Every structure is written in C-alpha cells, then in structure tokens.
Amino acid sequence: MADFPNVNVNGLVRLPIDGVLDLHNFSPKDLKFLIPDYLEECYNAQILQVRIIHGKGTGNLRRTVHAILKKQPHVIGFKLAGEGSGGWGATLVELRQE
C-alpha cells in the first residue's frame, strides 16, 4: 500500500482527526458507520467543534447526515455552516464535553 499512504493493509482508509470530515470521497452507504466513528474519535481527542462537508446538491446527503447526528450521544447540537465555512454545503457539529 505504499502508493496509498492513508490506506492500511486491510484496505481501510485512515482519516486525520482534525475536526473536518469531507464526505465527497465516501459512499452514502458508509455514512452510518463513518460519521459515528469519526465523531467518537473527535470526542476522544477533545475536538468538540466538528465540520462535516456534505456538499449542496439536492440535499439528500445533508438530510442523511442530520438524521445520523440526531442519534449520536456526544452531539449536543448542529447547524448549517455560515458562508465562511461552507454555507448549506456543510454542517457544524458541537460535541459535549466530558
């Protein structure tokens, strides 16, 4: 996997845990696992402000993201990003502190 430094030997992609999750490179079927796992890693790293980039499109992906966020125990709130952070193409998520 030398050609793909972010892919491990099992073919799994390693994401940087920096508080920004860009969904453009992922299949919608993976989101029900990807988003909760990413938020859990952010929570563990004490990154309590997360931006999820879902794009503008037709709004289906945004609605899916929001439905997943509503079920997450560490999420205390979320809203569409302002114009400087992606507008309605991104969602800002606030995680609870320990």
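Residues that are modelled with pLDDT under 95, of a type in the set (A, V, I, L, M, F, W, C) and open to solvent by 60 Å² or more (accessible area, probe 1.4 Å) within the stretch 16-34 comprise just one, ILE17. A Cβ distance below 8 Å, combined with a sequence gap of six or more or placement on separate chains, defines the contacts here; from the stretch 1-26, residues that are more than 15 Å from VAL50 (Cβ to Cβ) and assigned to a strand (DSSP E or B) reach no residue that is modelled with pLDDT of 65 or more and of a type in the set (Phe, Trp, Tyr).
I'm checking my understanding of the structure. Among residues of the stretch 45-70 that are more than 13 Å from LEU23 (Cβ to Cβ) and among the aliphatic types (A, V, I, L, M), which one is farthest from the chain's Cα centre (by Cα)? Result: ALA45.
Screening the candidates THR91, THR58, THR64 for the property of being in contact (Cβ under 8 Å) with a residue 24 or more places away in the chain, among the β-branched types (Val, Ile, Thr) and open to solvent by 40 Å² or more (accessible area, probe 1.4 Å) yields one hit, THR64.
Of everything listed in (1) within 14 Å of the chain's Cα centre (by Cα); (2) at pLDDT 95 or above; (3) assigned to a loop (DSSP other than H, G, I, E, B), the single unmet condition for PRO73 is (1). On the basis of being farther than 18 Å from ASP18 by Cβ and free of Cβ contacts under 8 Å to residues at least 40 places away in the same chain, does GLY86 make the cut? No.
The values are calculated or read from the model by the stated rules, or taken from the named source; none is laboratory data. Keep in mind that what you see is a predicted model, and the values were worked out from it rather than measured. Heads up, the Cβs are rebuilt from the backbone with ideal geometry, glycines too, and the neighbour counts pull from every protein chain shown. Please note that ligands, DNA and RNA were not included when accessible areas were found on the heavy atoms of the full protein model with its side chains. Shrake-Rupley method; radii C 1.70, N 1.55, O 1.52, S 1.80 Å.
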